[in-house]
1. Condition first: in contact (Cβ under 8 Å) with a residue 12 or more places away in the chain and in a strand (DSSP E or B). Can you find one or more residues in the range 341-348 that meet it?
2. Which is open to solvent by 20 Å² or more (accessible area, probe 1.4 Å) and aliphatic (A, V, I, L, M), of Ala331, Ala354, Ala350?
3. With respect to Leu46, determine if the residue is surrounded by fewer than 14 Cβ atoms within 10 Å (Cβ to Cβ) and modelled with pLDDT of 85 or more.
4. Scan the range 22-43 residue by residue and report those that are surrounded by fewer than 13 Cβ atoms within 10 Å (Cβ to Cβ), closer than 18 Å to Leu131 by Cβ and not β-branched (Val, Ile, Thr).
5. Helices (runs of 4 or more DSSP H) wholly in the range 1-62 with at least 1 residues that are out of contact with any Asp or Glu (no Cβ under 8 Å at 6 or more places or on another chain), touching a residue at least 24 places away in the same chain (Cβ under 8 Å) and acidic (Asp, Glu) - which ones?
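The values are calculated or read from the model by the stated rules, or taken from the named source; none is laboratory data. Computed from a predicted model, the values in this text were never measured in an experiment. Note that each Cβ is placed from the backbone with ideal geometry, even for glycine, and that neighbours are counted across all protein chains shown. Keep in mind that these areas ignore ligands, DNA and RNA; they rest on the heavy atoms of the full protein, side chains included. Shrake-Rupley method; radii C 1.70, N 1.55, O 1.52, S 1.80 Å.
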Amino acid sequence: MSFLYELLPGFLDTLTGHLALTAYLLAVTDERAVWRRLKKLPALLLSPVIATLLAVGLSAVPELLPVQYFILSLAVLFMCTLWVRWAWRFDFWQAFAATCMAGVFQVADATLTIWLFDGDTQFAAAVVLHLAVSISVALLLYRLRFGKWFRLLLDGEAAPWRTALLLFALEAATEVFLRLGSGVQPRYLPFYYLLAAVMVVLMAALAVHLGQRFDTARIMQAQRDMIAQQRLYEQDLELIRQDVRSFRHDYKNLLAGLSQQAGAGELEQLRRTLSELDAGFDQRLGKQIQTSIQIGNLHIPEVRSLLLSKLTAMREAGVECRLEVLYPVEAVAMDVWDFVRCLGVLVDNAMEAALDTRQPWVEIVLLAQDRRVFLRVSNPYTNSIDPGKIWNEGWSTKGPGRGVGLSGYQRILEGYPNASPCTSWENGVFVQELTVEGRP
């Protein structure tokens, strides 16, 4: 009984740190489905239990006493990373980066709490203060949209391990810097902790700066897409001009042939020739004109730019694209960049799968009506599909590690209860649908 009594304060202290870390994780990931994450919180209780038992084991080895704190911190960081990966469905490096960023804030206010409340008699007050500060700072970060910039950094980095290792270095520096506070003379402690607070703020500013740089790069990409849009229009106009010149060149010969058929009384043959002429004209000119009309119904610049770049890429790859935007699409009831990312994932997967068929094609339908935006992307596919595996990280019909973003697509939609995805495969056609309800 006495053994458990000795373990209880250490367990409560570790549990408090985990709860504070969870508050910061919700802030730095810009989480919207908070309750969905909190329902998975009980699984995180394993971490403070294991950490407490590990602390007992390490205390039995005097040689490890100088590094005991850092071993425990590393173990807790790893266990929390595994929980974040499961709860948020991140890949390992994304989960590790998010945990490190949240750990920077958690360690900072934990050390501040220890400084303000030093002594066992005020342990309960220290726990309450720690949680209060954590929740308050997390809410402030949420109001300042820190998570928005951090998610850009988290999701947009081409090599996520670099971001993760950078944030791990910052988190480790925070741990070391604040741990050294025990050797500072009491009269210098206020200046020391002020310097520590400044360092944490600078780390947060660095994360925001990197996120903003990525956002700037994304805006530049959108500008390049606008240039691609103009090039696509110019190419379509050139094709129309060439077809009209060719049709004009053959116009007299066609009239002569039609006059002969009319004079000979070959009405059925005349009707068939006119039908073929009309179909040929529609096939040669209609597609270019129709695509321009459909693109014009897209009034969301980010979506229009993405589709134009994808149309250009499919044309160069030899994939026929059928685009239908029957009514003007003014807005969508979710973050426009999240919608663009979802659309990009579906189109990229459709194009990649279509290229494996004899006649590759991709059909994209966007319909906005009655406060609802409906998206459907379909493509031919002849092999078998296991619906239970397509959402796994890295899964692909071409083998492990080749999956293009479907797990990330599902992860984005988890934050939007008004978005309903649907997947079907029938008669050699693979279809992905997304319905977004509500007003923006």
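1. no
2. Details: Ala354 fails: open to solvent by 20 Å² or more (accessible area, probe 1.4 Å); Ala350 fails: open to solvent by 20 Å² or more (accessible area, probe 1.4 Å).
That would be Ala331, the only listed residue that is open to solvent by 20 Å² or more (accessible area, probe 1.4 Å) and aliphatic (A, V, I, L, M).
3. yes
4. Pro42
5. Per the criteria, 2-28.
To keep it simple, each residue is scored yes or no on (1) modelled with pLDDT under 90; (2) closer than 24 Å to Ala419 by Cβ.
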residue	(1), (2)
Gln294	yes, yes
Arg304	yes, yes
Val332	no, yes
Trp337	yes, yes
Ala353	yes, yes
Pro360	no, no
Gln369	yes, yes
Lys389	yes, yes
Asn392	yes, yes
